[in-house]
Structures are given as structure tokens and as C-alpha cells.
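Remarks on the structure that follows.
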Amino acid sequence: MGNTNTKKVAWITGGGTGIGLATAQRLAGQGWHVAVSGRREAELKAACDAIAKAGGSAEAVPLDVSDAAAVTGAAEGILARNGRIDALVCSAGTNVPNRYWKDLTPEAFAKVSAINLNGVAFCVGAVLPTMRAAGGGSVVVVSSWAGWRYLPFTGAAYGATKQGLSPLVESINDQEGGNGIRATHVCPGEVATPILRSRPVPPPEEDIARMLKPEDVGDAIAYAVNAPAHVCLNEIVIGPTWNRIYRGAEDLRRR
């Protein structure tokens, strides 16, 4: 397979909105070619059109990360078109409104796990062979503050799956660091993204205005994948200065 793209290539899941989109825009602005994945084709097209209008290089790769065969096919397609995948950014994630055990159903738990945990594992497994062959690569897994510390309001399914990402990332550094592959576990506090609307009680607008912006996290991710090859940022914990996790808020109160 010939290398048909002289730019570095980043595959970004959950790239149609939020942190994934902000990361795609940042990396494209730094000269990367970005392959943007997500379940909603209209959002992917809009994202790629905006990146192209700003002078960047992007392609849309529609994908449900919970489908292992589809993930393998998406990775193979990106490689066939570009000859390389230098970075994987796993930013696809979800949560459900029924977060407490009194309301949580097996179906809801399975839905969250399929995307937040299984989807990451499928994507990592799909890119490691080509990164090994290339002698290096970067994997960034967007987790959550709930993947760093227990947060009651995020719910059992979300917290369990995000906590599971820490050893997943560490296993990459343990087993693949000798192959030049590095991985970063990114744990943002509250970010003003659409997933906030899935909370049982959404935050008030004045609080959202003080949260992290997707671009703040995208900048941190871009630093991780652009750092010198001998540098591995194992974990990044980033939160807003006015942090409701510390300060408390009515909508975060246990119910």
C-alpha cells in the first residue's frame, strides 16, 4: 500500500460535534489531514465543509463505534485512501438520563458501555497494527473527570465505563511504548457540549458559560499528539477554574 497522503493523518471519532470537532479543527489548522467519524452524516459533512473552508484537509467517515466490523472497515478505508494513521482520537461518548440504580436498565447500561468502552477498544485495536509497522503513533482517549474521580451525578454506567478507560490507556503505554506508540487519558471537567442536554436536570445557562469550551480540550489533545516522539502525556486532567464539581450546584445534587 503506497503512502498517498504526505500530511500526518488523524482519525477522530465523535468528530462531528463537541470536543471531537474542536480537535479536528485544531489539528487540520496545524496541517494534519483529519478523518472525522460519527453516526450522523449531516454533522460530519458540515464539519468537513467548515474545515475545508478554513483551508484544512478532512474526510467524513460515517461510523457507529459500537460495531466492531464497521470500525475495522473504517480503519481499512482510511488506510487505503491515505496510507497512514498517525493519531487516533477517541472522542465518541454517550450517557443516558436514567443514571441511578433505581432507574437504570440493562439496556441503558449496555448502550453506554457499547460506545464508551467497547467502541474505544475496537478503534484502538484497529489502528495498532499500522502504528506498529510505522514505528510510532499517538492514541488519545477522551474520558471524563468521572474517569479520574468518582462523580455521583454522572451515573453508574457512565462512571464505570469512563473509569475503565484508565487501565485501557495504561495498557497501551505498557505494551506498545516500546513500539513508539503513546497513549493519553484525557479527563475533562464540565465542558459546554451537547451531551449536557442529556442530563436529568440540565445546568443553567449562566453555569454553562463558565465551563470549559470544547476548544480548550481540543488544544490539550493537539499538544499531546504534536509533542516530540519521546514524550508521552499519560494523563491530562483539565477543568474550569470556576469548577462546579468543587463548588456544588443544584442540578448536581443527589436525587
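The values are calculated or read from the model by the stated rules, or taken from the named source; none is laboratory data. The model shown is predicted, which means the values in this text are computed figures rather than measured ones. Using ideal geometry, Cβ is built from the backbone for each residue, glycine included, and neighbour counts are taken over all protein chains shown. Note: areas computed on protein heavy atoms with side chains; ligands, DNA, RNA excluded. Shrake-Rupley method; radii C 1.70, N 1.55, O 1.52, S 1.80 Å.
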For the stretch 201-222 and the stretch 88-156, compute the distance between their C-alpha centroids and round to whole Å.
19
Is it possible to state the helix-based mean residue ellipticity at 222 nm for the chain, with each DSSP H run of 4+ residues giving -39500 (n - 2.57), the sum divided by total residues, to the nearest 500 deg cm²/dmol? What is it?
-12500 deg cm²/dmol
For the chain: accessible area per residue (Å², 1.4 Å)
45
Dipole magnitude (debye, nearest 20) for the stretch 14-85, charges at Cβ of Lys, Arg, Asp, Glu:
240
For the stretch 11-107, what does the alpha-carbon gyration tensor say about shape, rounded, prolate or oblate, given a ≥ b ≥ c as the root eigenvalues, a/c under 1.5 as rounded, and a/b over b/c as prolate?
prolate
Between 0 and 90 degrees, rounded to the nearest ten: what's the tilt of helix 68-82 against the longest Cα principal axis of the chain?
40
Semi-axes of the stretch 33-79's equivalent ellipsoid from the Cα gyration tensor, sqrt of 5 times each eigenvalue, largest first, rounded to whole Å?
21, 12, 5
Projecting the Cα atoms of Pro203, Ala222, Ile236 onto the charge dipole of the stretch 203-253, where Lys and Arg contribute +1 and Asp and Glu -1 at Cβ, the residue farthest towards the positive end is Ile236
At most 15 other C-beta atoms within 10 Å and a DSSP loop state: those are the exposed chymotrypsin sites (Phe, Trp or Tyr not before Pro) I care about. Give me the longest piece of the chain that has none.
1-99
Where a ≥ b ≥ c are root eigenvalues of the Cα gyration tensor, a/c under 1.5 meaning rounded, otherwise prolate if a/b exceeds b/c and oblate otherwise, the stretch 1-46 counts as oblate
Decide, for the stretch 101-255, between rounded, prolate and oblate: order the square roots of the alpha carbon gyration tensor eigenvalues as a ≥ b ≥ c, take rounded if a/c falls under 1.5, and otherwise choose prolate if a/b is larger than b/c, else oblate.
oblate
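What's the magnitude of the charge dipole for the chain around its Cα centre, counting Lys and Arg as +1 and Asp and Glu as -1 at the beta-carbon? Answer in Debye, nearest 20.
Roughly 240 debye for the chain.
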Taking the chain and dividing mean pair separation by its residue count, relative contact order in percent (alpha carbons under 8 Å, at least six apart):
19
Rounded to 10°, Cα long-axis angle of helix 119-134 versus longest principal axis of the chain:
30
